[in-house]
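**Student:** Starting off with a structure, shown below.
The values are calculated or read from the model by the stated rules, or taken from the named source; none is laboratory data. Predicted model, so just to flag it, every value in this text is computed and none were measured. Quick reminder, even Gly has a Cβ in these numbers, built from the backbone with ideal geometry, and neighbours come from all protein chains shown.
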Amino acid sequence: MSQGGRDVLDTVPWANLESPMAIRPPNAEPQFVSWTALPAAEPGTPLAEEWETYRQEVGRWLAEGQAGRDALLKRQEILGL
């Protein structure tokens, strides 16, 4: 690799973009998944408990007007929004 691996990165189409926003065409609609369609977590995966807690609570959070907020979860405990 030359230039600290830059020659490898130059072969990746997205590596030369100045902004991540340049990936999506300017007038493209954002892609969303309904909270009711979120898949279940695989048991035993590192964040399975947190993901299942999120899936259980996200409908209530959206109804309360919390859309766009971040959630901090630890296992089944909601530490904050």
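**Student:** Could you identify the single residue in Ala28, Ala15 that is in a helix (DSSP H, G or I), modelled with pLDDT under 90, over 26 Å from Gly80 (Cβ atoms) and more than 17 Å from the chain's Cα centre (by Cα)?
**Tutor:** The match here is Ala15.
**Student:** Next question, about the same structure. Somewhere in the range 53-67, is a residue in a loop (DSSP other than H, G, I, E, B) and touching an Asp or Glu at 6+ places or on another chain (Cβ under 6 Å)?
**Tutor:** No, that holds for no residue.
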